[in-house]
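Comments concern the structure below.
The values are calculated or read from the model by the stated rules, or taken from the named source; none is laboratory data. Note that the structure is predicted; figures quoted are calculated from it, not measured. A quick note on method: Cβ atoms are made from the backbone with ideal geometry, for glycine too, and the neighbour counts reach across all protein chains shown. Ligands, DNA and RNA are excluded from the accessible area calculation, which covers all protein heavy atoms including side chains. Shrake-Rupley method; radii C 1.70, N 1.55, O 1.52, S 1.80 Å.
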Amino acid sequence: MKNIALSLMLFALIFTACNTGGGHTKTAKGLEYTLHTKSNGPKAKIGDYLTLNMQYATENDSIIFSSYRNNRPLSFKFQETLFKGALNDGITQMAAGDSATLLVPADSIYGDRLPNFVKKGGKIKYTISLLKVQSEQEYQAEVEAKKKAQDDADAKLINEYIAKNNLKMETAPSGVRYSITKPGTGAMPEGNNLVVKMKYSLTLLDGKEVESSKGAAVEMPMNRQVKGLRDGIALIKKGGKGKLIVPSTLGYGERQRGSLPANSVLVY
């Protein structure tokens, strides 16, 4: 019986060690980290493009930020200045597929300006799941492929909408579809720093209204609008009227905006 119990205890210790990927480690910069999984791929380095989920919280687990909540991983170029040195040390110990918990001295992040929820000498607990480690070329190729796939999907929906509603639309160089129903007079608006006064409504392809000026003319700074609307407005003269169909990649893209679903084609 003693031999069986000893064997079970030994198995449990081995199993735990495998799951923690080597256990708790402390670096010279004061970072404490535990790798929960350990992959064999290349480790992250400065200059790589990383895709990861991240949560950071106080030591008693009061969450400050979490990308896990909405399943919206972060993607960015890993730069020396992006995070403070101690956190960078931890990320460079990880490869794609790894997850880790990192305890970072709060003063290495906030300096002398500690927020109220962190005590002097306290630590910030980071939970990180590293999903991808890519070169700039790999990252850009993936972004372009994803955009092309979304553009193709949008084009199919837009063409069906135009055919169903018997519309005659032209295509701007940017990809915005447009129809000028009243040409207007004067010069066309140019530049992104204009404030345009207009009446408008915004709907989805199914006709659901997202927002409108409710029949009144409103001022809209163009530098705060999506690229598709800026491109479309530049085609309409003062006093003119038109219809614009904006592909999602020229609109709000993958972002959900209030009641507006992600990857929505916009009809102005």
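Couple of notes before you dig in:
- Being open to solvent by 70 Å² or more (accessible area, probe 1.4 Å) and under 22 Å from the mean Cα position of the chain (by Cα) holds for only one residue in Ile64, Ile128, Ile46, Ile91, and it is Ile46.
- Scanning region 188-234 for residues that are assigned to a strand (DSSP E or B) and surrounded by fewer than 13 Cβ atoms within 10 Å (Cβ to Cβ) yields a total of 6.
- When restricted to residues that are under 19 Å from Leu266 (Cβ atoms), open to solvent by 90 Å² or more (accessible area, probe 1.4 Å) and in a loop (DSSP other than H, G, I, E, B), region 132-167 contains 0.
- Among the residues of region 94-111, those identified as open to solvent by 20 Å² or more (accessible area, probe 1.4 Å) and not hydroxyl-bearing (Ser, Thr, Tyr) are Ala96, Gly97, Leu103, Pro105, Asp107, Ile109, Gly111.
- Restricting the first member to region 22-44 and to residues that are under 16 Å from Leu130 (Cβ atoms) and aromatic (Phe, Trp, Tyr), and the second to residues that are modelled with pLDDT of 85 or more and surrounded by 15 or more Cβ atoms within 10 Å (Cβ to Cβ), the beta-carbon pairs closer than 7 Å and six or more apart or on different chains are Tyr33/Gly90; Tyr33/Gln93; Tyr33/Ala100; Tyr33/Thr101; Tyr33/Leu102.
- Where Ser129 falls short, out of the listed (1) under 30 Å from Ala100 (Cβ atoms); (2) in contact (Cβ under 8 Å) with a residue 60 or more places away in the chain; (3) assigned to a loop (DSSP other than H, G, I, E, B): (3)
- Which listed residue is of a type outside the set (Lys, Arg) and modelled with pLDDT under 80, from Ser62, Ser39, Ser66, Ser7: Ser7
- Test: residue in region 111-133 that is β-branched (Val, Ile, Thr), under 26 Å from Gly47 (Cβ atoms), at pLDDT 85 or above and touching a helix residue (DSSP H, G or I) at 6+ places or on another chain (Cβ under 9 Å): yes
- Of the residues contained in region 176-184, none is found to be over 18 Å from Lys238 (Cβ atoms), in contact with a Ser or Thr (Cβ under 6 Å, 6 or more places away or on another chain), among the hydrophobic types (A, V, I, L, M, F, W, C) and part of a loop (DSSP other than H, G, I, E, B).
- Selection over region 55-113 of residues that are of a type outside the set (A, V, I, L, M), part of a helix (DSSP H, G or I) and touching a residue at least 24 places away in the same chain (Cβ under 8 Å) gives a count of 5.
- Residue match in region 172-180 (condition: under 25 Å from the mean Cα position of the chain (by Cα) and surrounded by fewer than 18 Cβ atoms within 10 Å (Cβ to Cβ)): yes
- With respect to the conditions (1) surrounded by 13 or more Cβ atoms within 10 Å (Cβ to Cβ); (2) over 24 Å from Glu142 (Cβ atoms); (3) touching a strand residue (DSSP E or B) at 6+ places or on another chain (Cβ under 7 Å); (4) not β-branched (Val, Ile, Thr), Leu114 lacks only one, and its number is (3).
- Meets criteria (closer than 27 Å to Tyr139 by Cα, open to solvent by less than 30 Å² (accessible area, probe 1.4 Å), in contact with an Asp or Glu (Cβ under 8 Å, 6 or more places away or on another chain) and assigned to a strand (DSSP E or B)) for Leu52: no
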